[in-house]
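Working notes, structure below.
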Amino acid sequence: MTRSPADLRIPVRRMDFEFPAQLPKYWYRGNPWLTHFFNGMSAVFPDGERFFIDTVRNYQDQLTDPELKKHVRAFIGQEANHGKEHEAFNEQIEQQHGAPMSRIAKYVKGRLARMRRDLSKERQLAVTIALEHFTAILANQLLENPEVMADLEATYGDMFVWHAVEETEHKAVAYDVYQQVSGDYATRVRAMAITTVMFTVHQFAFMTWMVARDGKLGDLKGFAEMVRFLLVEPGPMRKMARDYLDYYKRDFHPWQHDNRALIGERVEEYRRKELRAAAA
Ligand SMILES: [Fe+2]
Ligand SMILES: [Fe+2]
């Protein structure tokens with residue numbers, strides 16, 4: 001498959017999650033390292049997603065395919081809602097537990113502002129599609145291993161799973177825009193190589209900084225558990241290696257990994273909720 005499935009739906013859902021009033025400081029398995037791994041991701045999402053939206057918007061006027069135009073509007077709607085929900089989460093984590101979410105966000109904002117200033121629009125979009133591939137393959141891991149968030153379904157887990165579902169639905173939108181307006185292979189893979197290093201280094205730095213601020217650097221058991229989680233069981237970083245490398249193929253398209261079956265049940269559940277809300 002070299003293009004998006006013809007019957008693909010990308011619905012924009014307003015979730016308005018209600019988070020519990022109080023959550024443990026180390027909400028993920030009581031482990032400071034793992035908790036800050038997820039906190040670090042959440043801290044960068046809102047500004048990162050605003051960047052994705054803007055880099056796609058730069059080309060919105062040039063699009064002619066009505067289907068792609070529709071998907072772009074849905075992509076923008078989904079990403080805007082992700083930012084909103086993660087911002088609410090980030091605020092709570094910062095207020096209750098002092099995690100420096102807004103400081104990380106401010107730093108990310110500054111870096112993205114420099115990219116907006118220094119990079120061509122084509123290269124900015126190439127960064128977006130690289131990160132969209134990253135989020136899509138991470139999302140795929142989360143959906144393939146639902147037990148990872150199972151204990152947290154009633155709290156923050158739901159938000160991460162919903163985000164993973166929508167990242168899957170819209171995973172090819174920015175990519176399709178890039179193919180239509182540029183399609184340059186060298187720019188695409190160079191952006192991926194650079195983005196991989198930058199993204200990985202930053203996420204590990206954010207996690208380690210937050211752990212250090214909590215005085216937990218000496219928690220070696222937690223550290224070992226985090227390494228085991230990422231690389232061994234469930235091992236998302238190891239398992240996503242092949243999906244990651246596929247990006248470097250000349251004829252790559254995100255829907256060559258057709259994982260719609262993984263979101264089917266969730267999507268039905270959201271749809272039923274929507275219908276109930278509409279009927280009420
Ligand atoms: Fe998103
Ligand atoms: Fe996305």
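The values are calculated or read from the model by the stated rules, or taken from the named source; none is laboratory data. In this text, all values refer to a predicted model and were calculated from it rather than measured experimentally. Neighbour counts run over all protein chains shown; Cβ positions are idealised from the backbone, glycine included.
When the range 245-260 is limited to residues that are without any contact (Cβ under 8 Å) to a residue 60 or more places away in the chain and over 19 Å from the mean Cα position of the chain (by Cα), the one that is surrounded by the most Cβ atoms within 10 Å (Cβ to Cβ) turns out to be F252. Counted as qualifying within the range 57-152 are the helices (runs of 4 or more DSSP H) with 2 or more residues that are away from ligand 1 (no atom under 16 Å from the Cβ) and at pLDDT 95 or above, namely 66-97, 101-118, 121-144. For first residues located in the range 1-24 and of a type in the set (V, I, T), partners that are assigned to a loop (DSSP other than H, G, I, E, B) and surrounded by fewer than 15 Cβ atoms within 10 Å (Cβ to Cβ) and lie 6+ apart or on another chain with Cβ distances below 8 Å form the pairs T2/D251.
When the range 198-230 is filtered for residues that are surrounded by fewer than 13 Cβ atoms within 10 Å (Cβ to Cβ) and either among the aromatic types (F, W, Y) or in contact with a helix residue (DSSP H, G or I) (Cβ under 8 Å, 6 or more places away or on another chain) (or both), only F204 remains. Given the structure, is L125 more than 25 Å from P236 (Cα to Cα), crowded, with 23+ Cβ neighbours inside 10 Å and within 16 Å of ligand 2 (Cβ to nearest atom)? The answer is yes for L125. For the range 29-49, state whether one or more residues are buried (at least 18 other Cβ atoms within 10 Å of the Cβ) and touching a Pro at 6+ places or on another chain (Cβ under 7 Å). For the range 29-49, residues buried (at least 18 other Cβ atoms within 10 Å of the Cβ) and touching a Pro at 6+ places or on another chain (Cβ under 7 Å): absent. Checked against (1) within 13 Å of ligand 1 (Cβ to nearest atom); (2) not in a helix (DSSP H, G or I), H163 passes all but condition (2). The residues of the range 61-88 that are over 20 Å from the mean Cα position of the chain (by Cα) and surrounded by 15 or more Cβ atoms within 10 Å (Cβ to Cβ), listed by number, are L63, L68. The single residue among A113, A105, A99, A80 that is aliphatic (A, V, I, L, M) and closer than 27 Å to R9 by Cβ turns out to be A80. Scanning the range 83-130 for residues that are among the hydrophobic types (A, V, I, L, M, F, W, C), in contact with a Ser or Thr (Cβ under 8 Å, 6 or more places away or on another chain) and more than 14 Å from D54 (Cα to Cα) returns F89, I93, M101, A130.
Across the range 210-220, which residue is farthest from the chain's Cα centre (by Cα) among those that are in contact (Cβ under 8 Å) with a residue 12 or more places away in the chain and either in a helix (DSSP H, G or I) or more than 30 Å from R29 (Cα to Cα) (or both)?
So, considering only residues that are in contact (Cβ under 8 Å) with a residue 12 or more places away in the chain and either in a helix (DSSP H, G or I) or more than 30 Å from R29 (Cα to Cα) (or both), the one farthest from the chain's Cα centre (by Cα) is R213.
A single entry from E91, E132 fulfils the requirement of being of a type in the set (D, E) and surrounded by 14 or more Cβ atoms within 10 Å (Cβ to Cβ): E132. Note on the range 231-244: residues that are of a type in the set (D, E) and surrounded by 15 or more Cβ atoms within 10 Å (Cβ to Cβ) total 1. Each residue in the range 129-176 was checked for being within 9 Å of ligand 2 (Cβ to nearest atom) and of a type in the set (V, I, T), and 2 pass. Among the residues of the range 166-198, those that are more than 11 Å from ligand 1 (Cβ to nearest atom) and either outside any helix (DSSP H, G or I) or touching a Gly at 6+ places or on another chain (Cβ under 8 Å) (or both) comprise A172, S182, G183, D184.
Of all residues in the range 183-224, those satisfying the criterion of being closer than 27 Å to V56 by Cα and polar (S, T, N, Q) are T187, T195, T196, T200, Q203.
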